[in-house]
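In what follows, a structure is listed as structure tokens, so that the remarks can point back to it.
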Amino acid sequence: MSLVSIIVPIYNVESYLKEAIDSLINQTIFDDLEVILVDDGSQDGSGVIAKTYAEKYANISYHYKENGGLSDARNFGLQFVSSKYTMFLDSDDMYTPRACEVLYHFAEENNLNIVIGNLFIFPGNTPNYDWKRYFGHGNRVIDLSVSGEELLKSPSACNKIFRTDLLRQKDEFFPVGRHFEDAFSIIPLMANERIIGLVDEKVYLYRQREDGSSIMNSIYTKEKNYYDYIDLIKTLHNQLIVDETNKQIVYGVQKFITKSFHGYLLNIFLKDHISFDEKERAWIFDQILPIYQNINYKMLDKLSEHRVMKTIYYALVTNNKSLFVNPILEVNRIIIRDQILINPEYLCELEMHSIHLYASIERFIEDNEDFVLIGELISNNVEIDHHLQNEFVFQLKGPKGRVVEYPVQKFNKLESPYYKDENDASCGIMVRIPMSAISGKDNHFELKMCIIEETTQEHRYIGVLAHNLLHQYKREKTQPISLNIRPNRTIELITKKVSVEQPVGKTNKETKVEKSMQDNVQSLLQRIKRGIIQLKNCILK
């Protein structure tokens with residue numbers, strides 16, 4: 001009797017099949033293996049190749065069936081298994097020479113139903129998957145109810161050995177007609193078994209096909225994958241979270257769900273691989289809402305720093321479907337706690353990131369009475385509009401620390417260079433500084449702004465920075481009023497004292513010459529006037 005049976009589902013892989021089967025023949029315990037080749041209705045030369053090997057080797061058998069997919073082929077192959085242990089090899093991948101030996105012996109020596117080995121991708125580099133951190137420390141036995149929950153993120157059936165009886169507990173171990181069949185089957189199996197063996201050795205080589213036809217290459221481009229994955233995470237939630245008492249298992253399954261489905265949400269809202277309309281997004285929200293309302297927000301908050309993704313997760317945990325469908329989070333009131341700006345709509349237990357806010361100054365104008373600064377409030381993690389209820393105060397801080405305050409006017413800013421139409425209007429700000437308060441003096445003012453909370457009157461300073469557009473308004477510092485934009489984009493307002501007797505920009509010599517000319521003109525006019533009077537008197541005589 002063989003020690004291990006290996007099921008190899010085959011479908012149109014004539015270019016890779018020989019390498020796969022040869023990797024089995026090269027096993028150190030090949031004579032103790034039972035190789036079951038299942039031809040799932042191949043239409044190329046795969047069947048001929050498989051038959052040739054079956055005719056040559058007594059421990060290799062060939063079985064044909066009509067096409068039914070990977071799960072159906074694996075289930076079909078299980079009926080021919082006669083060994084105590086079973087392994088699976090996809091027909092375009094390979095085993096390392098010692099794979100079957102090391103997995104089998106570790107399972108036997110430790111009386112284990114499941115043993116996992118290391119997996120690598122070829123050609124190219126293997127990502128540093130979370131579950132790989134358990135490798136590199138030697139062979140060991142892990143209790144998932146105590147630790148090792150990241151191993152649940154390795155649901156592949158191919159880098160593992162299973163006690164055959166475990167796979168025959170139900171008629172169809174792998175779900176037929178679904179993508180992600182491994183995750184549907186292997187994650188619940190591992191979670192229920194809990195005691196898992198780990199062999200610290202490379203056992204499986206996963207082929208990343210150069211033509212992009214590998215399943216993982218098309219994971220985000222096919223619409224059916226999205227619906228199948230929603231079905232998967234709902235199944236895992238119902239089987240392993242709702243009634244599960246072990247917190248470590250629940251935590252591990254939740255981490256698998258959130259980390260793996262994050263890629264799908266990312267593609268739905270931020271990528272161009274596929275498009276879902278508002279009706280479809282609303283359906284997705286209804287399906288996954290029960291799952292995410294039971295997940296600690298800390299786990300979700302770590303997945304992305306992108307404002308849109310944070311908004312999506314906020315919508316899920318707060319049951320806000322409209323926000324999920326159109327993830328634009330608008331802030332209309334900000335509270336201040338321990339000098340941190342917080343949106344009061346966020347639930348305290350969510351521990352959402354604080355609001356990052358600053359004032360961007362784009363231009364200024366002058367009239368006879370006021371020097372006017374114009375810009376907008378900008379945040380990198382929420383959207384701020386002109387309905388914001390908080391009061392803002394603009395400050396000029398002089399060199400001696402004297403501070404003068406001016407109110408900030410908020411308005412619906414439509415001409416922002418960041419936005420395209422009225423629906424994208426933001427919170428414009430305008431500050432009027434009386435010319436009388438700053439002109440006629442040599443001063444350098446630091447520009448500051450603070451936000452005030454209405455109820456507590458607590459305030460917090462925010463940055464005042466120059467927008468790129470502001471550079472075109474810079475002047476020579478010899479002008480009565482000019483702006484100095486520092487390398488870190490902070491702004492300094494500079495004023496110069498202007499003499500009433502001495503117009504701006506003229507030297508003392510030029511002023512004296514001009515005054516002399518004015519005196520000469522006045523003297524000439526007086527002489528002309530006297531001459532006209534004398535001429536008039538002569539005529540009358």
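If the viscosity is 1.567 mPa s and the temperature 4 °C, what translational diffusion coefficient in µm²/s does Stokes-Einstein give for segment 4-214 when Rh comes from Kirkwood over Cα pairs? For these conditions, the coefficient is 75 µm²/s.
Once backbone amide H atoms are built at 1.01 Å from N, I195 has L144 as its partners under 5 Å, excluding neighbours fewer than 5 places away on the same chain. Proximity of backbone amide H atoms, modeled 1.01 Å from N, is registered between M94 and L205, R207 at under 5 Å, excluding neighbours fewer than 5 places apart on the same chain.
In this structure the amide hydrogen of G463, modeled in the peptide plane, comes within under 5 Å of the amide hydrogens of A359, none closer than 5 places in sequence on its chain. Contact order for segment 4-214, expressed relative to its length and based on alpha carbon pairs under 8 Å spaced 6+ residues apart, stands at 27 percent. Structure note, pairs K84/K259; K160/K224; K247/K302; K65/K153: Cα-Cα distances above 23 angstrom occur for K84/K259; K160/K224; K65/K153. For segment 157-172, 3J(HN,Hα) computed residue by residue from phi via the Karplus equation (6.51, -1.76, 1.60; θ = phi - 60°) reads 7, 8, 9, 9, 10, 10, 5, 4, 4, 5, 7, 9, 6, 9, 4, 10 Hz, glycine and proline entered as x. Each peptide in 398-408, 288-298 gets a packing score, the mean of other Cβ atoms within 10 Å over its residues, and the list from highest to lowest is 288-298, 398-408. Each residue of segment 283-295 was assigned a 3J(HN,Hα) from its phi angle through the Karplus curve 6.51 cos²θ - 1.76 cosθ + 1.60 (θ = phi - 60°); the sequence is 5, 4, 4, 4, 6, 9, 3, x, 6, 7, 6, 9, 10 Hz, with glycine and proline shown as x. Oblate is the label for segment 69-164, because a/c, from the alpha-carbon gyration tensor with a ≥ b ≥ c as root eigenvalues, is 1.5 or above and a/b does not exceed b/c.
Sorting the Cα pairs of segment 231-325 by distance into bins of 10 Å, from 0 upward, gives 16, 51, 28, 5, 0 percent per bin.
Every number in this text was worked out from the coordinates using simple rules, so none of it is lab data. If you're wondering where the values come from, they're calculated on a predicted model, not measured in any experiment. Backbone-built Cβ (ideal geometry, glycine too); neighbour counts: all protein chains shown.
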